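Engineer: What follows is a single structure, and I will ask about it in a moment.
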Amino acid sequence: MLENFWFNVEYGINHVLDINAYDHVLFLIVLTVPYVFKDWKRVLLLVSMFTLGHTLSLVLAAYNVVTVNATVVEFLIPITILIVALFNVFTSGKGAQREKVGVLFLSTLFFGLIHGLGFAREFQMLLGETDNKLVLLLEFALGIELAQVIIVFVVLFLGYIVQTIFRFTKRDWIMVISAIVVGLVIPMILNSDFLT
């Protein structure tokens with residue numbers, strides 16, 4: 001039982017940290033980059049909203065409430081990353097991360113739903129013939145959340161180093177990282193099967 005638990009949690013962690021599926025990591029980077037360590041509660045809440053979103057879509061897919069069109073989902077995931085990165089570029093240093101909590105949290109929840117549909121296919125393979133879908137799903141989601149917390153910590157730590165040791169301004173840090181992510185996701189969007 002415990003062995004299964006750790007396998008499923010580890011599967012969730014590995015799914016997020018998979019170098020070939022870095023879209024999830026990119027989303028977390030642009031979600032986290034505007035913040036510093038003292039904002040950890042807000043960041044944790046944002047990441048939890050994201051986890052809630054993709055856990056909900058996993059539940060819906062696992063119980064066949066929604067069916068996943070992989071081509072559309074694979075197109076929408078980089079679009080969500082691009083939206084958040086561009087939001088960062090246009091609001092960096094303007095304190096926008098402090099305002100409109102509702103809009104930010106709801107959009108993160110919605111983007112989580114889209115990213116969860118991306119997980120759905122892989123999760124279906126993990127399910128196999130199991131009867132206890134919900135427990136498996138929660139263990140998988142726990143692994144995803146743990147991996148996300150690791151990524152968020154790394155981004156906050158790098159931000160701290162760059163802003164204190166290398167004297168980058170917060171605005172420059174946000175702009176540089178968000179611009180790099182924009183540069184990475186545009187080819188993902190253009191090369192999507194949805195557009196070909």
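The values are calculated or read from the model by the stated rules, or taken from the named source; none is laboratory data. Treat the numbers as computed from the prediction; the structure is a model and nothing was measured. Here Cβ is always computed from backbone atoms with ideal geometry, including for glycine, and neighbour counts include all displayed protein chains.
Engineer: Could you pull out the residue among Val65, Val25 that is in a loop (DSSP other than H, G, I, E, B) and of a type outside the set (Ser, Thr, Tyr)? I'd like the intermediate steps shown before the answer.
Structural biologist: Details: Val25 fails: in a loop (DSSP other than H, G, I, E, B).
After ruling out the rest, the residue left standing is Val65.
Engineer: Would a scan of the range 65-87 turn up a residue that is in contact (Cβ under 8 Å) with a residue 12 or more places away in the chain and more than 24 Å from Gly183 (Cα to Cα)?
Structural biologist: Within the range 65-87 (the criterion being in contact (Cβ under 8 Å) with a residue 12 or more places away in the chain and more than 24 Å from Gly183 (Cα to Cα)), the answer is yes, since at least one residue qualifies.
Engineer: Okay, moving on. Output the qualifying pairs, or none if there are none: Cβ atoms under 8 angstrom, residues six or more apart or on different chains, first residue in the range 13-26 and closer than 11 Å to Gly118 by Cβ, second residue surrounded by fewer than 18 Cβ atoms within 10 Å (Cβ to Cβ).
Structural biologist: His15/Ala21; His15/Glu122
Engineer: Out of everything in the range 142-190 that is in contact (Cβ under 8 Å) with a residue 40 or more places away in the chain and small (Gly, Ala, Ser), what residue ends up being nearest to Val16 (Cα to Cα)?
Structural biologist: Ala147
Engineer: I would also like to ask the following. Can you tell me which condition Gly53 does not meet? The list is (1) under 21 Å from Ala120 (Cβ atoms); (2) surrounded by fewer than 19 Cβ atoms within 10 Å (Cβ to Cβ), and all the others hold.
Structural biologist: (2)
Engineer: When you scan the range 23-41, do you find a residue that is more than 24 Å from Phe153 (Cβ to Cβ), surrounded by 15 or more Cβ atoms within 10 Å (Cβ to Cβ) and not charged (D, E, K, R), even just one? Spell out how you get there, then give the answer.
Structural biologist: We begin by selecting, within the range 23-41, every residue more than 24 Å from Phe153 (Cβ to Cβ); these are none.
No; the residues of the range 23-41 include none that is more than 24 Å from Phe153 (Cβ to Cβ), surrounded by 15 or more Cβ atoms within 10 Å (Cβ to Cβ) and not charged (D, E, K, R).
Engineer: Would it be correct to say that Glu122 is farther than 24 Å from Val33 by Cβ, of a type outside the set (A, V, I, L, M, F, W, C) and in a helix (DSSP H, G or I)?
Structural biologist: Values: farther than 24 Å from Val33 by Cβ: yes; of a type outside the set (A, V, I, L, M, F, W, C): yes; in a helix (DSSP H, G or I): yes.
Criteria met by Glu122.
Engineer: Please work out which residue is modelled with the highest pLDDT, limiting yourself to the range 153-196 and to residues that are within 30 Å of Ala70 (Cα to Cα) and among the hydroxyl-bearing types (Ser, Thr, Tyr).
Structural biologist: Ranking the qualifying residues of the range 153-196, first place goes to Ser178.
Engineer: Can you tell me which residue among Val36, Val43, Val59 is touching a Lys or Arg at 6+ places or on another chain (Cβ under 8 Å) and aliphatic (A, V, I, L, M)? Don't jump to the end; show me each part of the working.
Structural biologist: Values: Val43 fails: touching a Lys or Arg at 6+ places or on another chain (Cβ under 8 Å); Val59 fails: touching a Lys or Arg at 6+ places or on another chain (Cβ under 8 Å).
Matching residue, one of Val36, Val43, Val59: Val36.
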